[in-house]
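Reviewing the structure listed below.
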Amino acid sequence: QVQLVESGGGLVQDGGSLRLSCAASGSIFSIHAMGWYRQTPGKQRELVAVVTSGGTTNYADSVKDRFTTSRDNAKNTVYLQMNSLKPEDTGVYYCNVKVWTAGDSRLNNYWGQGTQVTVSS
């Protein structure tokens, strides 16, 4: 199994910054992609940002040029630096990793517990 521990959410004013972290541990053989999704009341969970093992990144249009995701492969950790935050960025942010675990040829999907980000106007 794989465990994900998120940190870094909180309350910030419009225009502020926050940095989220997500550390993966457990029976990890190799990590394919690490990313962040967010969910707001009444809406489906949406992709915010993702980074692959090769360093390729992809962002939702709404966060491009404001958010940056990066990963530390040695620590199995992914980060989300969020700048110029807006009230519409408010939501629960979930870490997601796609990994191969020891003894399993399938690519498995794991989710963090979620961390609340609130941006006040």
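In Å², what does the accessible area per residue of the chain work out to with a 1.4 Å probe?
52
Mind checking which of N96, S84, W36 is farthest towards the positive end of the chain's charge dipole, using Cβ charges of +1 (Lys, Arg) and -1 (Asp, Glu) about the Cα centre?
Farthest towards the positive pole: N96.
So for the stretch 44-110, considering every pair of alpha-carbon atoms, how many percent are separated by more than 15 Å?
Of the Cα pairs, 58 percent sit more than 15 Å apart.
Number of Lys pairs in the stretch 7-111 with C-alpha atoms less than 25 angstrom apart, excluding same-chain neighbours closer than eight positions?
6
Tell me, what % of the accessible area of the chain is carbon and sulfur with a 1.4 angstrom probe?
47
Quick one: compute a quarter of the convex hull surface over the Cα atoms of the stretch 7-69 and quote it in nm².
Projected over every direction and averaged, the Cα hull of the stretch 7-69 covers 5.7 nm².
What figure in square angstrom, to the nearest 10, would you give for the accessible area of R19 with a 1.4 Å probe?
130
Remind me, what semi-axes does the chain give for its equivalent ellipsoid, largest first in whole Å, using sqrt of 5 times each Cα gyration tensor eigenvalue?
After diagonalising the Cα gyration tensor, the semi-axes are 26, 14, 12 Å.
The values are calculated or read from the model by the stated rules, or taken from the named source; none is laboratory data. Quick caveat, the model's predicted, so the values are computed rather than measured. Neighbour counts run over all protein chains shown; Cβ positions are idealised from the backbone, glycine included. Each accessible area value is taken on the protein alone, full model and side chains, heavy atoms only, with ligands, DNA and RNA left out. Shrake-Rupley method; radii C 1.70, N 1.55, O 1.52, S 1.80 Å.
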